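Quick notes on the structure that follows.
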Amino acid sequence: MRTLRSLYTTAAAASMLAVALPASAQQLSIATGGTGGVYYPIGGGFAEMINNHIEGAQATAEVTGASVENMGLIMRGDADLALALADTVYQAYNGTDDFEGRQVENIRALASVYPNAVQLVTLAESDIETIADLAGKRVSVGAPGSGTELNARALLEANGISYEDFTPQRLNFNETADAIRDGDIDAGFWSVGPPTSSILNLAATRDIRLISLSDEEVANAQAEEEVFAPYELAAGMYDGMDEAVQTIGIPNVLVVNSEMDEELAYQLTQLLFENTDELIAVHPAANDTTVKFTMDSTPVPLHPGALRYFEEVGAEIPDRLRP
């Protein structure tokens, strides 16, 4: 947990960041995800920080289909910044898996903001106890073009489960929660920073259970995706969740186009790390927004403007993050 900085430090950072930007950078679009996840509030919070601290810049958070769609928006220049899961960013940058034949070489990172947790939810009365029990069930694997679906499919396939074994539904977070509540599906995947509002709302109306992964299932997933890491959902995170749940986590990366103005990229990175408390106030997931997390978790090279900031603060920058 990060400690809050003093008002003096925050005010000093705000004063330092109140500088004019190039005319081309005045209107900034931040591609996020659906309103029931964490991308949208995090993106909205960062947009407000930009509006408050960077003179002449106006930013807006845009609702999107999340990670996969966001890579295309950055590639085409239809968004200035985007949040996306590390595995999606890595695949897009290298032209592998779902991005085979459509490599997105112009992606650069500003930071890794927080880790997602893959959360598999069902009703407490369900007979689903493990991922193997999804066989023959109706399961939401996430919205089309979302990192949730990429994560769910990778996790399942690494453990010998394919879409042919159950009936996949491609629903966003709010739709998944509603469908579980109404009995239209049996279970649903979320890949999102916990706790997330759509699961909180579902748990307030129905008794739910989160499905824990075995050590073997976690190891199989890590062998499938290098960016996966063991992650524990704390007991009490959602109503009725009496015990901790083991799952996997994936970093979320704030990315831009490589053509972004270097000074703008520098100031955006500086703003993020020197006013992080403002983002924590929007969502607790931002407690993980640290320089160390970025150095450890970012899967693609940094933008030169971000690199300049990290060099100035004395970060140990891995060679893989240098363009």
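The values are calculated or read from the model by the stated rules, or taken from the named source; none is laboratory data. Note that the structure is predicted; figures quoted are calculated from it, not measured. Quick reminder, even Gly has a Cβ in these numbers, built from the backbone with ideal geometry, and neighbours come from all protein chains shown. The accessibility values were calculated without ligands, DNA or RNA, using every heavy atom of the protein model including side chains. Shrake-Rupley method; radii C 1.70, N 1.55, O 1.52, S 1.80 Å.
If you check Ser162 against the conditions, is it touching a Ser or Thr at 6+ places or on another chain (Cβ under 8 Å) and open to solvent by 10 Å² or more (accessible area, probe 1.4 Å)?
Against the criterion (touching a Ser or Thr at 6+ places or on another chain (Cβ under 8 Å) and open to solvent by 10 Å² or more (accessible area, probe 1.4 Å)), Ser162 does not qualify.
If I ask for residues that are without any contact (Cβ under 8 Å) to a residue 60 or more places away in the chain and in the same structural domain as Val38 (by the TED database), which ones from region 233-267 would you list?
The answer is Glu262, Tyr266.
Identify all residues within region 287-323 that are assigned to a loop (DSSP other than H, G, I, E, B) and over 16 Å from Leu272 (Cβ atoms); write none if there are none.
Pro299, Val300, Pro301, Gly314, Glu316, Ile317, Pro318, Arg322, Pro323
Say whether the condition of being part of a helix (DSSP H, G or I), open to solvent by 20 Å² or more (accessible area, probe 1.4 Å), closer than 26 Å to Thr176 by Cβ and modelled with pLDDT under 95 is met by at least one residue in region 52-67.
no
Out of all the residues in region 235-279, which are in a loop (DSSP other than H, G, I, E, B), open to solvent by 10 Å² or more (accessible area, probe 1.4 Å) and within 16 Å of Ile211 (Cβ to Cβ)?
Scanning region 235-279 gives Ala235, Met237, Gly240, Met241, Asp242, Glu243, Ala244.
For the subset of region 297-323 comprising residues that are of a type outside the set (A, V, I, L, M, F, W, C) and more than 13 Å from Ala109 (Cα to Cα), which member is most open to solvent (accessible area, probe 1.4 Å)?
Result: Glu316.
Go through (1) under 27 Å from Glu311 (Cα atoms); (2) of a type in the set (Ser, Thr, Tyr); (3) at pLDDT 95 or above one by one and return the number of the condition Thr88 breaks.
That leaves (3) as the condition not met.
Just to be sure, is Arg108 open to solvent by 50 Å² or more (accessible area, probe 1.4 Å) and either among the charged types (D, E, K, R) or not assigned by the TED database to the domain that holds Gln270 (or both)?
So Arg108 fails the test.
So which of Thr122, Thr148 is assigned to a helix (DSSP H, G or I), outside the structural domain of Gly33 (by the TED database) and open to solvent by less than 20 Å² (accessible area, probe 1.4 Å)?
Thr148
Condition first: within 20 Å of the chain's Cα centre (by Cα) and either among the polar types (S, T, N, Q) or open to solvent by less than 20 Å² (accessible area, probe 1.4 Å) (or both). Now tell me which residues in region 211-234 satisfy that.
Within region 211-234, Val218, Ala221, Gln222, Phe228, Leu233 qualify.
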